[in-house]
There are 4 protein chains.
Amino acid sequence: MKHIEAKGVYVIAPTPFVPDGKIDESSIDRMTDFFLKAGVDGITVLGQLGEAPKMTHEESVGIVKRVIARAKVPIVVGVSAPGFAAMRALTQDVMALGATGVMIAPPNTLRTDDSIVQYYKQASEAIGADVPFVIQDYPLTFSVQMTPAVIRRIATDNASCWFLKHEDWPGLDKISQLKAWEKDGSLRRLPILIGNNALFLDFEVERGADGANTGYCFPDMLVDVVRLSKAGKRDEAHDLFDAHLPLIRYEQQPGPGMAVRKYVMMRRGIIAHDTLRKPGASLSPTARAEVDYLMARVARVDPRARV
Amino acid sequence: MKHIEAKGVYVIAPTPFVPDGKIDESSIDRMTDFFLKAGVDGITVLGQLGEAPKMTHEESVGIVKRVIARAKVPIVVGVSAPGFAAMRALTQDVMALGATGVMIAPPNTLRTDDSIVQYYKQASEAIGADVPFVIQDYPLTFSVQMTPAVIRRIATDNASCWFLKHEDWPGLDKISQLKAWEKDGSLRRLPILIGNNALFLDFEVERGADGANTGYCFPDMLVDVVRLSKAGKRDEAHDLFDAHLPLIRYEQQPGPGMAVRKYVMMRRGIIAHDTLRKPGASLSPTARAEVDYLMARVARVDPRARV
Amino acid sequence: MKHIEAKGVYVIAPTPFVPDGKIDESSIDRMTDFFLKAGVDGITVLGQLGEAPKMTHEESVGIVKRVIARAKVPIVVGVSAPGFAAMRALTQDVMALGATGVMIAPPNTLRTDDSIVQYYKQASEAIGADVPFVIQDYPLTFSVQMTPAVIRRIATDNASCWFLKHEDWPGLDKISQLKAWEKDGSLRRLPILIGNNALFLDFEVERGADGANTGYCFPDMLVDVVRLSKAGKRDEAHDLFDAHLPLIRYEQQPGPGMAVRKYVMMRRGIIAHDTLRKPGASLSPTARAEVDYLMARVARVDPRARV
Amino acid sequence: MKHIEAKGVYVIAPTPFVPDGKIDESSIDRMTDFFLKAGVDGITVLGQLGEAPKMTHEESVGIVKRVIARAKVPIVVGVSAPGFAAMRALTQDVMALGATGVMIAPPNTLRTDDSIVQYYKQASEAIGADVPFVIQDYPLTFSVQMTPAVIRRIATDNASCWFLKHEDWPGLDKISQLKAWEKDGSLRRLPILIGNNALFLDFEVERGADGANTGYCFPDMLVDVVRLSKAGKRDEAHDLFDAHLPLIRYEQQPGPGMAVRKYVMMRRGIIAHDTLRKPGASLSPTARAEVDYLMARVARVDPRARV
């Protein structure tokens, strides 16, 4: 099975809402245009941070349709669900609309190597063996730990496995291991895009990751860091990355992190409101002032933060 | 808000499938008729053991419609979902069809008293403050522990809280505490129906539980035990219960338990097949023989097990 | 490495205390004598239910010394600890006193097959590769799931692995799998003694388990059930087991279970007090009355419950 | 009960080992001297990152004795243990040696507000109501979530509660809440020292935290940041902090983090070896090179990193 080469930045798109909680369609359009102009290589919609579980099936389909209508890059859709029926239903609808593939996170009850491998086998059968899927490896949130060997088994078992969204923590040596296997031929080509709000992007790319698949409020910076790093401009990549790190770290907080991201994207004019659907954190005035302060400090190095 | 009095046995209905995984509609009808004849006081559909997460929204609505068409007793529908949008959507559809109320389990991320209380408040607002809801208190599966004080807060905050499906383990003293509070007026009337496959039904009713809300393969036995116990026939209640306990225990195993239940219900002629949807355990020949042996032993005391 | 053949009943000994929490030495003696007279094949001290974590190192050593002084059967000592230093220290002291082997539970942070295998390898190295050890496979309490293949790897890696204390739930098919491997030679001899308060003892022995390693308050009944079952007297084994099952189930409750066990052993005259060390549950008067009622019902079949 | 005022930096001391795993006593001395010269206000020994669970009781006492012999600042000793007997034993020995107080983490089984409050009550009774204790609030590692209200209850119930080691994540609003209560009198004086490898030290001090209680490999930097921040030199504090943040983040990784810390402290000449006791991660050559690179970058701003 021939996959589109996953590399560069596949940005995780948030879902913009108007203040009463309805989906903000014009912000979806503006945000999609912004992503394309920023140079992203793909867009993932309905990830955890796209507040996917807060949407009905119809809303989910509507969002994907809207993004696909403008995007000229591959689209990944998060379809994780408590059961295969809902996963299959959403997959069929979004693939029919033109999505390139789907992302699947493991349910948090899996505790053995075999049960993880088996889950992805069954999920792939449920959605169709011809649908490219992304493994989401995010133990901090899903409580499921996949060794490199388990990931290799999933990739070997399923030709439709497209790439790995790597957000294990710690995770640097995992990338090195998988890339070493890819190099010596004991693992087929399996692109690795990193998540975890890019907290380790600098070294992850140096370890061999093919890019990022995350949603930090400056995806344009992610594009630059990956480009600089791949071009061998190590110090420049770190200089840019380090300037953002205080804000990256602030945005990575579970809970308020999503509110931070939307607040900055609103300040940058990318979306109209920083509304989260219930249940969702909102930022206190103190927290907003802290984010403002961090942005001002970023702006000393990166003019894009001057807003 | 005036609720239908919850008492006796609200049986948890499995979802019957034909061997290829499609919903078996004629078995739904036969099973519903059987429940009514067995003397149940209510029916809960789409609980965890109704394999609810394996159904699409449309299938869920179809099942509820079919049961309601024949049932002359209150119907509770499990609407637990990762987000409020899906929960609201299913609730609206099934209430429009004539359901009496819904059951809500807490998400497994809740770790503080306040977060549990807040969750039920938000869930109730999401589905509508006029929709009767059942608290599912099942820490073994959901990893959320509710103290009696937390349950009292939920009941006090939400007039629409209908009853407690109690399946904490250990749980006897919890029932005693809640019933003591109900008696001294520090808790409003809150019926308690017990779950956990009835493993402690005998003493739970003696502690003050109002009945059972579980799905053991002999719901007719549950009806009898509750009736005998409420009538003060303690030894008789225990004699009947104890005759079934070896099978109750066997059926209570997480994973194979659901396969055991369907297998026995198939042998009893209540449903046509013992099929589970994927991913679902199937019984080994050895396990089936063990269940057969247990049924034969039950039959020495309870003729209903002679099939 | 040649091991003592583990079979029959290795009873888990509680630790008796006097009401102020000090260790009750004369009850230790009486209890040890009772176990021997009951026909147990071995004794495990300082298991989870021996309240092991509540003891200092010195107290632990003292208890083991006292039991060994009277026992004429193999002694297993629970040495699970957060770190290898404490584990090694206790192991050395009790092996010097004449213990036969030790029992090790996995720390609840292990989440991958390799990490479990590696843990037992390191633990065995820490205590000494010549010290027989028992694997405690108890996912309900330790949150660690070991597949049959993982258990086989541990047994293969470590000649000093003595037997498996099996208390997975569900666990019947696991026994069948391991015993099938033992039979076809793909697993070396690995005795299986079952735990989980004997809740499935009846079928576990039929599936091939070599006996029980648990602490139900009637270990003499466990001895009889294993003997009857091994002798092919299936119905007799089940009849005796079923008579006790209502009490087994009651005693198996996490938390109050240990208080139930000590209360019954006190009523039977085996220990002097039913005291638990803090933090430990105590039985309400209602709970005691329930246990009394259960004992009276057991006594209708098993005269040993007439006390 | 009058407590020593906890403020500034209470550094968490690692335990230095020689390559064969024995305790490196001369490194303990050199490290203690370094801490004092760096201007720390207190020292915590035998925390999680002091590899406490890997020590025997005797070793633990020996380490504390050695540090106390040289230190002229308050000493806190981590005494968390699976049971109260071991906790009491270690507490008594180290208090007799001159420790100022102890630190207690909650066991990871606590799931309700009441159970957490009760645990600290019982722990305090076990160690003696006159022994100052520190609450360790670290949900990421211990899986126990304490609301501000729970912490207030613990402080109110126990006069011997000395300060809060705050390492919740996210945790900024928690500090604001507790400090607001302290200000309005609804909470007694309860110092807050922050942990989490100082990842949010910059804003945590601004929110009102009294200092840090963590073990980053540049405790001298922590001292400076707290001092600058408390002196109102906000930008200077952030400039220094941000220069270290890439390394702070790298060191904060669970698992390899401790190896990173020891490696840097070795390179700084504070300890002789970067050995961890088994089971403990070691750094790959690639990881060491990454740390070297990060130190070189820190050195551009902070000359102390030039080694």
Notebook entry, point to check: What list of ³J(HN,Hα) values in whole Hz, one per residue of the range B:276-291 in order, does the Karplus curve 6.51 cos²θ - 1.76 cosθ + 1.60 (θ = phi - 60°) give from phi, with Gly and Pro shown as x?
Noted result: 10, 6, 5, x, x, 5, 10, 7, 6, x, 4, 5, 4, 5, 5, 5
Check: By Cβ position, which chain B residue lies least far from the axis that rotates chain B onto chain C, and what is the distance to the nearest whole angstrom?
Finding: B:LEU245, 3
Next item on the list: Working with all protein chains in place, sort B:TRP162, C:TRP181 by solvent-accessible area computed with a 1.4 Å probe, largest first.
Entry: C:TRP181, B:TRP162
Check: Could you state the number of Å between the C-alpha centres of the range B:246-305 and the range C:155-211?
Finding: 24
Next item on the list: List the distances, in nm to one decimal, from the label point of C:GLY269 to the label points of the same position in every other copy, shortest first, placing each label point 7 Å from Cα along the Cα-to-Cβ direction.
Entry: 5.4, 7.7, 9.2
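Just check the range C:45-114 against the gyration tensor rule for me: Cα atoms, a ≥ b ≥ c as the square roots of the eigenvalues, rounded for a/c under 1.5, and otherwise prolate or oblate depending on whether a/b exceeds b/c.
In terms of gyration-tensor shape, prolate.
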Next item on the list: Express in whole angstrom the spacing between the alpha-carbon centres of the range A:61-106 and the range B:39-95.
Entry: 26
Check: Using θ = phi - 60° and the Karplus curve 6.51 cos²θ - 1.76 cosθ + 1.60, what whole-Hz ³J(HN,Hα) does each residue of the range A:199-204 get, with Gly and Pro shown as x?
Finding: 4, 10, 3, 3, 7, 4
Next item on the list: Treat every Asp and Glu Cβ in chain C as -1 and every Lys and Arg Cβ as +1, leave all other atoms uncharged, and give the resulting dipole magnitude about the Cα centre to the nearest 20 debye.
Entry: 320
Next item on the list: Just add up the charged neighbours of C:GLY50: K/R +1, D/E -1, any other residue whose Cβ is under 14 Å from the Cβ of C:GLY50.
Entry: +3
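With N denoting the number of residues in the range D:153-307, provide Rg(C-alpha) divided by 2.2 N^0.38 Å, to two decimal places.
1.15
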Item checked: Cut-off under 5 Å, modelled amide H: who pairs with A:ALA212 long-range -> A:GLY8, A:VAL9, A:TYR10, A:ILE194
Checklist line | Of B:LEU228, B:LEU140, B:LEU110, the one that fluctuates the most in a GNM where chain B has Cα springs shorter than 10 Å | finding: B:LEU140
Checklist line | Check: the range D:100-224 dipole with +1 on Lys, Arg Cβ and -1 on Asp, Glu Cβ, in debye | finding: 340
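How much space per residue, in cubic angstrom, does the convex hull of the C-alpha atoms of the range C:152-191 take up?
Measuring per residue, one finds 63 Å³ for the Cα hull of the range C:152-191.
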Margin query: Which three numbers, in whole Å and largest first, are the semi-axes of the equivalent ellipsoid of the protein assembly as shown derived from its Cα gyration tensor as √(5λ)?
Written below: 47, 40, 29
Note to self: Report the rotationally averaged projected area of the range D:71-155 based on its alpha-carbon convex hull, in square nanometres.
What the structure shows: 5.7
Check: Label-to-label distances across copies for B:ALA231, with labels 7 Å out along Cα→Cβ, in nm, shortest first?
Finding: 4.1, 8.6, 8.7
Margin query: Quick one: the Cα spread of the range D:13-157 along its three principal axes, in angstroms, biggest first?
Written below: 45, 30, 26
Checklist line | Unit Cα scatterers, Debye sum, chain A: log10 I(q)/I(0) for q = 0.12, 0.14 Å⁻¹ | finding: -0.76, -1.05
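Quick one: putting +1 on the C-beta of Lys and Arg, -1 on the C-beta of Asp and Glu, what dipole do you get for the range C:25-167 around its Cα centre, in Debye to the nearest 20?
Computed about the Cα centre, the dipole is about 180 debye.
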Next item on the list: May I ask for the net charge around B:ALA85, where only other residues with Cβ less than 11 Å from the Cβ of B:ALA85 are counted and Lys, Arg are +1 while Asp, Glu are -1?
Entry: +1
Check: Label-to-label distances across copies for A:LEU36, with labels 7 Å out along Cα→Cβ, in nm, shortest first?
Finding: 5.9, 6.8, 8.7
Notebook entry, point to check: If you add up the charges near D:GLY280, with Lys and Arg at +1 and Asp and Glu at -1, over every other residue whose beta carbon is less than 10 angstrom from its beta carbon, what do you get?
Noted result: +3
Item checked: In Å², nearest 10: area of D:MET1 left accessible to a 1.4 Å probe -> 110
Check: Taking only DSSP H segments of four or more residues, each worth -39500 (n - 2.57), what value at 222 nm results for chain C once the sum is divided by all its residues, to the nearest 500 deg cm²/dmol?
Finding: -15000 deg cm²/dmol
Notebook entry, point to check: Dipole of chain C (Lys/Arg Cβ +1, Asp/Glu Cβ -1, origin at the Cα centre): which of C:VAL226, C:LEU164, C:VAL150 lies farthest to the positive side?
Noted result: C:VAL226
Check: What does the convex hull of the Cα atoms come to per residue for the range B:87-219, in Å³?
Finding: 110
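The values are calculated or read from the model by the stated rules, or taken from the named source; none is laboratory data. The structure displayed is predicted, hence computed values, not measured ones. Every residue, glycine among them, receives a Cβ derived from its backbone with ideal geometry; neighbour counts consider all protein chains shown. The accessibility values were calculated without ligands, DNA or RNA, using every heavy atom of the protein model including side chains. Shrake-Rupley method; radii C 1.70, N 1.55, O 1.52, S 1.80 Å.
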